[in-house]
Amino acid sequence: MSANQAPTTDTFQEHRRLLFSIAYRLLGSAADAEDAVQDAWLKWSAADRAQVADPKAYLTRIVSNVALERLRSARHKRETYVGPWLPEPILTQPDASEAVTDAESVSMAMLVVLETLSPLERAVFVLKEVFAFSHAEIAEALDRSEPSVRQAAHRAREHVAARRPRFRADPSRRRAATERFLAAATGGDMNTLMELLSPDVTLWTDGGGKVRQALKPVVGAATVASWFAAIGTVTYQGVAPTDMTARLAEINGGPGMLFTSPDRVIATITFDFDEEGRISAIHNVANPEKLGAVGEGTAYDLSL
């Protein structure tokens, strides 16, 4: 590395976690977020940095616009996706669930809600509500007028408020419920599973047409409990129960479950909870194309 490259690299690395954190929340994909950060690096390397007064703002602008381009091009693919589309899960730092705002903004539930926004609304919401950029800063980053940004922010806030999970259970209660669920599912304990599930719980399974999964949401405690109680008795994705391991893992800012075989990750499970601490929604990602980041075992720090 030359002497001229060192400051360039140091400045970029200083902001790299921020750039990935923005891109992941915009795209719902670790792989796409990494690509967006790499694109940002290439643009940063080629830029006339003597003209850059604020590297953080400049890099945020680059990665936001790269992510927006990717998000727009991905929308058609997601419209034709086989079965429910869920974000690509990631392992997160163990203490992330203690920071409620951080954890909620990367939860499966929130990323699913963000997917229903327009690309512009999603970018504005993430930059304003999660990263606390001003409307003026966002307008400059996205090359929009400030009034249009304010309008998009208002629409996005209303949309998210109407659809986001209404309750955020205490982290210790969520962990205890997840531990009980894991034990009950692997032990085929229907009674405990029924206790843990809300009567109208919904299970979303994402196989992407690559592996066999339910193509529509599975609704109701009895049906969902039966689905999980069978885990320890049936072959799943070609893996016999005796060759499958289920364990707790910190996934997207909260406690979840990780299913593995001797040679690969099979699926991840994450939960939403109702006001009584019961499981109200379950997100099961089994599409092998979305398990690369989890399979690598890297725990991301997405704190603000």
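Among 213, 237, 93, which one moves the most in a GNM of the chain with springs linking Cα atoms closer than 10 Å? Comparing 213, 237, 93 in a Gaussian network model of the chain, the most mobile one is 237. Listed options for mean projected area of the Cα convex hull in nm² are [x] 14.4; [y] 18.7; [z] 16.4. The value calculated from this structure is the one marked [z]. Rolling a 1.4 angstrom probe over the protein heavy atoms with all chains in place gives the chain an accessible area of 46 Å² per residue. Applying the criteria of a DSSP loop state and at most 15 other Cβ atoms within 10 Å to the trypsin sites (Lys or Arg not before Pro) of the stretch 197-253 yields 210, 212. Restricting attention to the chain, close to 70% of DSSP beta bridges with both partner residues there are antiparallel.
Using only Cα atoms, tell me the angle between helix 5-27 and the longest principal axis of the chain; keep it within 0 to 90° and round to the nearest 10. The angle comes out at about 50 degrees. Scanning the chain for GluC sites (Glu not before Pro) lying in DSSP loops with no more than 11 further Cβ atoms inside 10 Å, the longest uninterrupted stretch between such sites is 1-274. Computed 3J(HN,Hα) for the stretch 105-112, one whole-Hz value per residue from the Karplus formula 6.51 cos²θ - 1.76 cosθ + 1.60 where θ = phi - 60°, is 6, 10, 5, 4, 4, 5, 5, 5, glycine and proline marked x. In plain terms, the chain is cut at each of the chymotrypsin sites (Phe, Trp or Tyr not before Pro) found in a DSSP loop with at most 15 other Cβ atoms within 10 Å, and the longest leftover piece is 168-304.
A cut-off of 5 Å between modelled amide H atoms, ignoring neighbours fewer than 5 places along the same chain, links residue 251 with 92, 256.
For residue 266, the residues 5 or more places off, or on other chains, whose built amide H falls under 5 Å of its own are 259, 260, 261.
Under a crude label model (7 Å from the Cα following the beta-carbon direction), how far is residue 43 from residue 202 in nanometres? Those two pseudo-labels are separated by 3.5 nm. In the stretch 135-200, Rg over Rh equals 1.34, where Rg is the alpha-carbon radius of gyration and Rh the Kirkwood radius from pairwise Cα distances. Here the stretch 171-296 carries DSSP beta bridges of which approximately 75% are antiparallel, counting only pairs with both residues inside. For the stretch 260-271, backbone phi angles converted through the Karplus equation (6.51, -1.76, 1.60; θ = phi - 60°) give residue-by-residue couplings of 9, 10, x, 10, 6, 7, 9, 6, 10, 10, 10, 10 Hz, Gly and Pro being listed as x. Applying the Karplus relation 6.51 cos²θ - 1.76 cosθ + 1.60 with θ = phi - 60° to the stretch 183-195 yields 3J(HN,Hα) values of 5, 5, 5, 6, x, x, 8, 4, 4, 5, 4, 5, 5 Hz, where x marks Gly and Pro.
Per-residue ellipticity at 222 nm computed for the chain from its helices equals -15500 deg cm²/dmol, with DSSP H segments shorter than 4 residues left out and the rest contributing -39,500 (n - 2.57).
Based on the convex hull around the alpha carbon atoms, the stretch 1-80 presents an average projected area of 5.4 nm².
In this simple spin-label model, placing a label point 7 Å from the Cα along the Cα-to-Cβ direction at both residue 143 and residue 211 gives a separation of 4.1 nm. About the centre of its Cα atoms, the chain shows a dipole size close to 620 debye [charges on the beta carbon of Lys, Arg (+1) and Asp, Glu (-1) only; nearest 20 debye]. Name the trypsin sites (Lys or Arg not before Pro) in the stretch 105-207 that are in a loop by DSSP and that have at most 14 other C-beta atoms within 10 Å, would you? Loop-located and lightly packed - 166.
Computed from the alpha carbon positions, the gyration tensor of the stretch 153-304 leads to an equivalent ellipsoid with semi-axes of 24, 20, 16 Å, biggest first. Whole Å is fine, so just give me how far the alpha carbon centre of the stretch 227-304 lies from that of the stretch 178-210. Centre-to-centre (Cα) distance: 11 Å.
Using a cutoff of 8 angstrom between alpha carbon atoms and counting only pairs six or more residues apart, the relative contact order for the stretch 209-297 works out to 20 percent.
The values are calculated or read from the model by the stated rules, or taken from the named source; none is laboratory data. These numbers were taken from a predicted model, which means no experiment stands behind them. Because the Cβ atoms are built from the backbone with ideal geometry, glycine has one as well, and the counts that use them run over all protein chains shown. Remember, those area values only see protein heavy atoms, side chains included, never the ligands or the DNA or RNA. Shrake-Rupley method; radii C 1.70, N 1.55, O 1.52, S 1.80 Å.
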